[in-house]
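Novice: Right, I'll just put the structure down here and ask away after.
Where a number appears in this text, it was derived from the coordinates with a stated rule and is not lab data. What you are looking at is a predicted structure, and each value in this text was computed from that prediction instead of being measured. Positions of Cβ are generated from backbone atoms using ideal geometry, with glycine treated the same way; all protein chains shown enter the neighbour counts.
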Amino acid sequence: MVRLSATNDLAEFCSGIRYESLPSDVRGKANELVLDHLGVALYGSTLPSGQIAIEYVRSLGGVAESSVLGSRVRAPAPDAAFSNGISVHSPELDDTEHVGSIHPGASVIPAALAIAEKIHADGRSFIAAIVAGYDVAIRLAVAAQGKTMSHYNRGFHPTATCGTFAAAASAGVLLGLNTSQLKHAFGIAGSAAAGLLEFLEDGTWAKRYGAGRAASSGVTAAYLAKLGFTGPGTVIDGRRGFLRAYSDDTNPEAISAGLGSEFTIMRTGIKPHSCCRYIQAPLDAVLEILRKDTVKPEEVERVEVRIVKTGISLLDEPKPRRSRLCTVRSWKESFRSIGLRKSSSPSRMGGSLKPTFRGRREMRISL
């Protein structure tokens, strides 16, 4: 018997997902992540990148069918998804999954929100679409990263690349696409899957753009497939497919293993602090020390932080590049800024994680 492709496996899973068949803890997790997402997106919409995204979508005009969070603007579904994806990814607070190193909600939820509002979907269909999108995002990211984080090492941003397929999944479920149509939606999404890690060099906003573009492109792919547009059915694991093109070390088994019975949304975490997830635990440790005792910077001789190898390569960059911490983005991502006084403890919604603290000697501890 000839085995069908991973694209087919994901399409079958998404076309068959039903709210009623989801375990109660999975439903609850999806609700929790949506609530967190809305709060983060509203905060992100107040940041400069979020404001620009809103103004951009406003300037485009078009049919008022989906809400742009943080504004009174209503826009075509792909445009609303674009702006909302940028907003939620701007504060570095959106949810995250550690194995694939991806922010699944940044593309999945904006796409689902835009479509659900446009077609007046009910809450149960919306939650089912969210669960499907998270599974596609996380499974594909894990498959692309392999054992060596190859997708990262090639310079790709999984939130943007894998997120495009995931947004197509959540939008497609809400639009009622069947297995064949979902395969086409994934095939179309594969030609839009893009996103580079070069933003790590200077802390610019292309990272945020990647999330918005993934959400928007996923919505477009799903709509095109619904109308009859076609895409390759082997787009994920084919000879010229996504995994081979975007990774040197893949784990395609991760796509189908436990699909339909093990919901990867349960592995997704919510950030307590407005910074990269690799800094969360070390930051908690610093804050715990400060809660117990007053530590002055001049009293600290050495700080040792142990994390996974990927975190080191992403965050502890060479001093010439990171020493000035010239942007909020790099400040939020560099281990070289983790030394904090008790008076500047970061809050859930960003709080003190602002450029006000750049360059203040008492805020700096070299690792």
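Novice: Once you charge only the Cβ atoms, +1 for Lys and Arg and -1 for Asp and Glu, what is the size of the charge dipole of the range 161-271 about its Cα centre, to the nearest 20 debye?
Specialist: Rounded to the nearest 20 debye, it is 380 debye.
Novice: What's the ranking of 291-304, 265-278, 121-134, 60-73 by average number of surrounding C-beta atoms within 10 Å, highest first?
Specialist: So the peptides 291-304, 265-278, 121-134, 60-73, ranked by packing, come out 121-134, 265-278, 60-73, 291-304.
Novice: Something else about it: So if I take the centroid of the Cα atoms in the range 118-151 and the same for the range 1-77, what is the distance between those two points in Å?
Specialist: 10 Å
Novice: Taking the alpha carbon gyration tensor of the range 29-93, what are the square roots of 5 times its eigenvalues, largest first, to the nearest whole Å?
Specialist: 20, 14, 8
Novice: At 0.36 nm per residue, and after removing the present C-alpha to C-alpha distance, how many nm does the segment from residue 288 to residue 244 gain when stretched out fully?
Specialist: 11.4 nm
Novice: Let me ask something else about it. Could I have the simple spin-label model distance between residue 253 and residue 266, label points 7 Å from Cα toward Cβ, reported in nm to one decimal?
Specialist: Going from the residue 253 label point to the residue 266 one covers 2.1 nm.
Novice: Sticking with this structure for a sec: Relative contact order for the range 6-267 using alpha-carbon pairs under 8 Å, separation at least 6, rounded to a whole percent?
Specialist: 25 percent
Novice: Here's another thing I want to ask about it. Using only alpha carbon pairs under 8 Å that are at least six residues apart, calculate the relative contact order of the range 167-289 and give it in whole percent.
Specialist: 27 percent
Novice: By how many nm would the segment from residue 307 to residue 180 grow when fully extended, if each residue of separation counts as 0.36 nm and the alpha-carbon distance is taken off?
Specialist: 41.5 nm
Novice: Could you tell me which of 103, 145, 132 has its Cα farthest along the dipole of the range 92-155 towards the positive end, charges placed at Cβ (Lys, Arg +1; Asp, Glu -1), taken about the Cα centre?
Specialist: Positive-end residue among those listed: 145.
Novice: Also, I was wondering about something else. Which of the three applies to the range 1-114, rounded, prolate or oblate, going by the alpha-carbon gyration tensor with a ≥ b ≥ c and a/c under 1.5 meaning rounded?
Specialist: It comes out prolate by the Cα gyration axes.
Novice: In straight Cα distance, which aspartates and glutamates are under 16 Å from residue 292, not counting same-chain residues fewer than 8 positions off?
Specialist: Correct list for residue 292: 284.
Novice: What does the extension gain come out to for residue 281 and residue 52, with contour length at 0.36 nm per residue minus their alpha carbon separation?
Specialist: Here the segment from residue 281 to residue 52 would lengthen by 79.2 nm.
Novice: Right, next: Taking the simple approach of a point 7 Å from Cα along Cα-to-Cβ for both residue 296 and residue 38, what is their distance in nm?
Specialist: It works out to 4.9 nm between the two label points.
Novice: Considering the zone a paramagnetic label at residue 147 would reach in this model (a point 7 Å from Cα along the Cα-to-Cβ line), which residues of the range 89-115 have amide N under 16 Å from it?
Specialist: Backbone N within reach: none found.
Novice: When a footprinting reagent is the concern and you count Cβ atoms within 10 Å, what order do 154, 306 take, fewest first?
Specialist: Going from sparsest to densest Cβ surroundings: 306, 154.
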